[in-house]
1. For the stretch 163-196, which residues satisfy the criterion of being surrounded by fewer than 22 Cβ atoms within 10 Å (Cβ to Cβ) and under 14 Å from the mean Cα position of the chain (by Cα)?
2. Considering only residues that are crowded, with 22+ Cβ neighbours inside 10 Å and of a type in the set (V, I, T), look in the stretch 70-104 and name the one that is farthest from T157 (Cα to Cα).
3. Among (1) within 18 Å of G182 (Cα to Cα); (2) surrounded by fewer than 20 Cβ atoms within 10 Å (Cβ to Cβ), there is one condition T123 misses while meeting the rest; what is its number?
4. If you scan the stretch 35-61, which residues turn out to be in a loop (DSSP other than H, G, I, E, B) and touching a strand residue (DSSP E or B) at 6+ places or on another chain (Cβ under 7 Å)?
Amino acid sequence: MRTTVVVIALAFAALSGIGLVSISAQTAGNWTNLFNGKDLSNWNVTGNADWRVADGVIEATKARGFLLTKQSYTDFEMRADVWVTADSNGGILFRITKPEDPGIENGYELNMNDKRADQTGRTGSIVNVAKPLVQYDSGGKWTTVVITAKGPHMVATLNGIKTAEADDAKYARGPVSLQAAGGIVRYRNVQIRELR
């Protein structure tokens, strides 16, 4: 009897282990880490921001600058943790068509800017494309940003809250970028996966 209990327990543990491996593999999916946690070697740098890396976090305190991926993306899901103050101006740009001078004139921007003068482009908006669906204040806390872009359809969520959704076909492909446009901005856990 005791041997049977031990055998059943071992079988259950083995099956649980197999399940955990399977779940971990699925969770990992095809995500690519854009930030290695140590340096900016995976990025092209433009502008005047004072980017630095410490304790697995990218930080800038001086505007204006961008970190751009070396690869271009069309359809993708991207996620990153972003920390700003209420007065900061940060964000994630994507499908940038002019990498040497990124901006809302040549790509899309998910904005992180609580006190933007034009509140239709505040935190959570896709500037000049989709006004924020809710007022999400990002100042002083880590916010997990998720951007999904498939064809002309774009969706943004901040900490699981959908803040913007739109269809727009102006820009189809380009690098993604982390922005420092004023105040303290921090980024960590920056990942992307291409959608088919």
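1. Keep residues of the stretch 163-196 that are surrounded by fewer than 22 Cβ atoms within 10 Å (Cβ to Cβ), which gives 165-173, 181-184, 186, 188-189, 191-196.
R186, R188, N189, Q191, I192, R193, E194 - these are the residues of the stretch 163-196 that are surrounded by fewer than 22 Cβ atoms within 10 Å (Cβ to Cβ) and under 14 Å from the mean Cα position of the chain (by Cα).
2. That would be I96.
3. With (1) within 18 Å of G182 (Cα to Cα); (2) surrounded by fewer than 20 Cβ atoms within 10 Å (Cβ to Cβ) applied to T123, the lone miss is (2).
4. F35, K38, D39, L40, N48, A49, D50, W51, G56, listed by residue number.
Computed from the coordinates by the stated procedures, all read-outs in this text should not be read as laboratory data. This is a predicted model, so every value here is computed, not measured. FYI the Cβ positions are ideal-geometry reconstructions off the backbone, even for glycines, and counts take in every protein chain you see.
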